[in-house]
Ligand SMILES: [Fe+2]
């Protein structure tokens, strides 16, 4: 059971909380990246995902929230000369990655090099969290461990009058508890360290200076905007002037999905632009999203009014790193009755070649996912015993271990499988499992001829079959599986189990990588298996009378060594980097939208 250490975030804040008396650095820093292949996580996430989707379809919680809590739009910053906004999404995972980003966001400023000049970028007056604030699923304990602790330790408090505000929209992982934890954390005026929450619903509107607006949209798990939310944005838009500009925060990059034919979310979001924003003669110029855990930027050419539109995915807040090598370019989108062409900035994080290189680390799959490898080992053993019982080993032992005999051996395995009931059942179980697991994920690779799920499952089964038969062939010569004594039987079983766990795990990892590279399969699984804590990103945004400037900031590596900060206090983190250090760099841009 996780120890309940550190002050709880509350509605009142008297002074600045120092280090808790029972502060233990290890309590904070030991949270690992989520193991997405852990049987416990797979089961718990699957059940929660199913339940939340059922409730999303039959009992939309947003209706209850809308009935109980008044909607608020915020204009606290509209008369300022300029305002800074920070954006982070897909956070709340392992300590090293989540805290590396939280620490960068919390410092009073970040100095980055732009065109060989140092530029000082101060901490945002507003922090936007763009979805998936917790992994693997929302619960009070996970929010505390993976979100509250790192952000509280990064910025324990801020001086009166300087409290930065915090706004969040929910991603699918926040919805997995029916939004209970999200509502408590973000919609009841609580603090997250030195950041103060203000919103009352999972969507919000902020009026910024110089005709700029920031809207956060909640599309729940069913990709649509409910009626109460539409009414809220319509009412908010009544305060807009012609020529005002909107920055939209959404939980998923609908433009990536729409580019490959899954346009449902994009169509639903387009409603805001077509029916509400355009109605006020205002302009949607920038859309920000997480969900894909990388940084990628798309933009249009200037239109007749000199407007360039931007779509940015920046989901690098702490969760495992997604690849970028399948991202489409260009993207053509039907927007406002015309086709707009968006081209991708060649600078991404990670870049496409690193994204492909990372995949090969999946060959170490069994060592990152021990429990899953153990299940594979158990399956290999059961299947091997069924084949041995069917007499396959007796036949294999008579075939010399030579490459030229491989086809004969594989054919023998096929015959052995289909002529023995138990062996056939295990084969059917393997093919069924690999078939259901195969994820074509065609959305991430438009233009690629879609390879059906069936072939993914068959290729995966064939890879495991080949490894299993090679293993049995070798063992039939080396381990004396026919000796009628327990030690020999145990030796044989243990060897198959260990070889199945390690070798079967390697086969599994290689399948993930190859199927992703060759056919666009497993956009998520091929990268979640890596539990990648590097290549993190966030945005620092300035709105002034010149217009909007977005600074995409990246961390090639997360910090791994930490120390307690003896000097902690207002504006000072409890825990500081003590290894390579953290120096965010400008990934691309700056991205500018000038005021007219
Ligand atoms: Fe995510």
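Here, each number is a calculation from the coordinates, and none is a lab measurement. Just so we're clear, the structure is a prediction, and the values are computed from it rather than from any experiment. For neighbour counting, all protein chains shown are included, and Cβ atoms are generated from backbone atoms with ideal geometry for every residue, glycine included.
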Quiz prompt | the stretch 105-157 - Rg over Rh from alpha carbon coordinates, Kirkwood radius | solution = 1.12
Self-check item: Label point distance in nm, residue 517-residue 498, each placed 7 Å from Cα along Cα→Cβ
Solution: 3.0
Self-check item: Principal axis dimensions, the chain - Cα atoms, whole angstrom, descending
Solution: 86, 61, 53
Quiz item: Considering only DSSP beta bridges with both partners in the chain, what is the antiparallel share in %, to the nearest 5?
Solution: 65
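Please report 77, 411, 175 as a ranked list, fewest other C-beta atoms within 10 angstrom at the top and most at the bottom.
Working: 77 20, 411 11, 175 28.
The fewest-first ordering by Cβ neighbours comes to 411, 77, 175.
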Self-check item: q = 0.19, 0.20 Å⁻¹, the stretch 146-298: log10 I(q)/I(0) [Debye, one scatterer per Cα]
Solution: -1.30, -1.38
Practice problem: Please give the contour-minus-distance gain from residue 583 to residue 485: 0.36 nm per residue of separation, less the Cα-Cα distance, rounded to one decimal in nm. | Solution: 29.0 nm
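Quote to one decimal, in nm, the extra length available between residue 275 and residue 425 on full extension: 0.36 nm per residue of separation minus the C-alpha distance between them.
Separation in residues times 0.36 nm, less the Cα-Cα distance, equals 48.4 nm.
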Quiz item: If each of residue 453 and residue 25 carries a label point 7 Å out from its Cα toward its Cβ, how far apart are those two points in nm?
Solution: 4.9
Quiz item: Taking only DSSP H segments of four or more residues, each worth -39500 (n - 2.57), what value at 222 nm results for the chain once the sum is divided by all its residues, to the nearest 500 deg cm²/dmol?
Solution: -11500 deg cm²/dmol
Quiz prompt | Cα-projected label distance for residue 594 with residue 336, points at 7 Å along beta-carbon direction, nm | solution = 2.0
Quiz prompt | Per-q log10 I(q)/I(0), the stretch 248-324, q = 0.18, 0.25 Å⁻¹ (Debye; single scatterer per alpha-carbon; no solvent) | solution = -0.79, -1.26
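Using only alpha carbon pairs under 8 Å that are at least six residues apart, calculate the relative contact order of the stretch 370-528 and give it in whole percent.
Working: 176 pairs, mean separation 54.5, N = 159.
Once divided by the residue count of the stretch 370-528, the mean separation gives 34 percent.
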Practice problem: Average the reciprocal distances over every distinct pair of alpha-carbons in the stretch 99-198, invert the result, and give the Kirkwood radius in Å. | Solution: 14.3
Quiz item: Cα axis of helix 370-389 to longest principal axis of the chain: angle in degrees, 0 to 90, nearest 10?
Solution: 20
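Between residue 184 and residue 50, what length in nm is gained on full extension when 0.36 nm per residue of separation is reduced by their alpha carbon distance?
Numbers: separation 134, 0.36 × 134 = 48.24 nm, distance 2.24 nm.
Between residue 184 and residue 50, full extension yields an extra 46.0 nm.
Estimate the FRET efficiency between residue 561 and residue 371 by the formula 1/(1 + (r/R0)^6), using the beta-carbon distance for r and 22 Å for R0, to the nearest 0.05.
Numbers: r = 28 Å, r/R0 = 1.25.
Computed FRET efficiency for residue 561 and residue 371: 0.20.
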Exercise. Would you mind classifying the stretch 473-596 by shape? Square roots of the alpha carbon gyration tensor eigenvalues, ordered a ≥ b ≥ c; an a/c under 1.5 is rounded, otherwise it is prolate if a/b is larger than b/c and oblate if not.
Key: oblate
Quiz item: Alpha carbon centre of the stretch 57-95 versus the stretch 263-294: separation in Å?
Solution: 16
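Assuming 0.692 mPa s and 37 °C, estimate D for the stretch 295-409 with Stokes-Einstein, Rh taken as the Kirkwood radius over Cα pairs, in µm²/s.
167
Mind checking the alpha-carbon convex hull of the stretch 370-528 and giving the volume per residue in Å³?
Numbers: hull volume 17.8 nm³, N = 159.
Normalising the Cα hull of the stretch 370-528 by residue number yields 112 Å³.
Can you give the FRET efficiency for residue 115 and residue 305, using 1/(1 + (r/R0)^6), R0 = 35 Å, r = Cβ-Cβ distance, to the nearest 0.05?
On the way: r = 28 Å, r/R0 = 0.80.
Computed FRET efficiency for residue 115 and residue 305: 0.80.
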Quiz prompt | Stokes-Einstein D (µm²/s) once Rh is taken as the Kirkwood radius of the stretch 66-137 over alpha-carbon pairs, at 10 °C in 1.306 mPa s | solution = 106
